[in-house]
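The values are calculated or read from the model by the stated rules, or taken from the named source; none is laboratory data. Not measured: the values here are computed from a predicted model. Heads up, the Cβs are rebuilt from the backbone with ideal geometry, glycines too, and the neighbour counts pull from every protein chain shown.
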Amino acid sequence: MANILIAYSSVYGYTRKVCELLEAELKGGGLRVTLVPLAEAAAQLERSDVVVIGASIRYGKHNPAVTEFIRAHQALLAARPGAFFSVNLVARKAGKNTPATNPYVRKFLARIPWQPQLVGVFAGNIDYPRYDSFDRTLIRIIMWLTDGPTDPTVSKEFTDWNEVRRYAEKAAALAGVTVPRVSGP
C-alpha cells in the first residue's frame, strides 16, 4: 500500500480544508495518508511514495517557505511521484482556473527546480469577518480591482469541490491506485 504525504502551507486554514478533502478521498481508496503542515513535512519525505504539496496565495505570492522547502528537498522530491496545487482567488475566474492559465501557478513553477507530475489550482475563499482590519481592507481593495465581493460581512467559498475530488483521483493514480469517491463538502 502506498504512503502519500500531503503537506500544506496556509494562512487562514483554507488550504488545509482542501487537503482534508484530498486526505479523505485518498484514504477512501485504501491509501495511507499523512497530512502535515509544510514545516513538519521534511521528517515524512523519505517514508512517502507520493508527495502532494498544497499552498495558498497571499497578496500575490506563495509563502517563501514553500520554495525553500522544495529547494532544500529537491532530490527527495524528484525521486518519487509528486503533485502540487495552489489555492488562490484568481482561480475563481474562468480562464485563470487551470495550471496553464493561472498566473500564480505558472510563475511559481517557472521558479522552482521541482517539476511535479500533477499540478492543480483551486479557487479559494473570502472570509472577511475572520480577517484582521489590515487584511480585510487590503483584500477588499484587491477584490474591488478584480470585480470580486467587497462587502466586509461576506464569507464565501469559490472552490469547486468536485474538481478537488478529481485531483485526488489523479494523485491516487500517481501511486497506481484508483479511488472511489467519498462524500465531502
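Some observations on this one:
- Where a residue in the stretch 91-113 is assigned by TED's automatic domain parsing to the domain that holds F69 and its partner, wherever it lies, is surrounded by fewer than 11 Cβ atoms within 10 Å (Cβ to Cβ) and at pLDDT 95 or above, with Cβ under 8 Å and at least six apart: R106/A100
- Test for L109: is it at pLDDT 95 or above and among the aliphatic types (A, V, I, L, M): yes
- Criterion violated by T98 - all others in (1) in contact with a strand residue (DSSP E or B) (Cβ under 6 Å, 6 or more places away or on another chain); (2) surrounded by fewer than 23 Cβ atoms within 10 Å (Cβ to Cβ); (3) of a type in the set (S, T, N, Q); (4) under 25 Å from R166 (Cα atoms) satisfied: (1)
- Residues (closer than 15 Å to T159 by Cβ and more than 10 Å from the chain's Cα centre (by Cα)) located in the stretch 23-66: A24, E25
- Among the candidates A7, A24, residue that is modelled with pLDDT of 95 or more, under 30 Å from D132 (Cβ atoms), surrounded by 15 or more Cβ atoms within 10 Å (Cβ to Cβ) and of a type in the set (G, A, S): A7
- Hey, L45 aliphatic (A, V, I, L, M), more than 22 Å from E163 (Cα to Cα), in contact (Cβ under 8 Å) with a residue 12 or more places away in the chain and not in a loop (DSSP other than H, G, I, E, B) or not: yes
- Residue within the stretch 51-66 that is in contact with a Pro (Cβ under 8 Å, 6 or more places away or on another chain) and modelled with pLDDT of 95 or more present: yes
- Helices (runs of 4 or more DSSP H) completely within the stretch 58-138 that count 1 or more residues being in contact with a His (Cβ under 9 Å, 6 or more places away or on another chain) and over 18 Å from P149 (Cβ atoms): 103-111
- Scanning the stretch 59-83 for residues that are surrounded by 13 or more Cβ atoms within 10 Å (Cβ to Cβ), touching a Leu at 6+ places or on another chain (Cβ under 9 Å) and of a type outside the set (A, V, I, L, M, F, W, C) yields a total of 5.
- Just so you know, in the stretch 106-142 the residues that are hydrophobic (A, V, I, L, M, F, W, C) and closer than 14 Å to R58 by Cβ include one that is surrounded by the most Cβ atoms within 10 Å (Cβ to Cβ), and it is I126.
- In the set (1) modelled with pLDDT of 95 or more; (2) assigned to a helix (DSSP H, G or I); (3) over 23 Å from L21 (Cα atoms), N162 fails one condition alone, (3).
- Verdict on I53 being crowded, with 16+ Cβ neighbours inside 10 Å and under 13 Å from Y167 (Cβ atoms): yes
- Enumeration of residues in the stretch 84-95 that are more than 13 Å from the chain's Cα centre (by Cα) and crowded, with 16+ Cβ neighbours inside 10 Å: V90, R92
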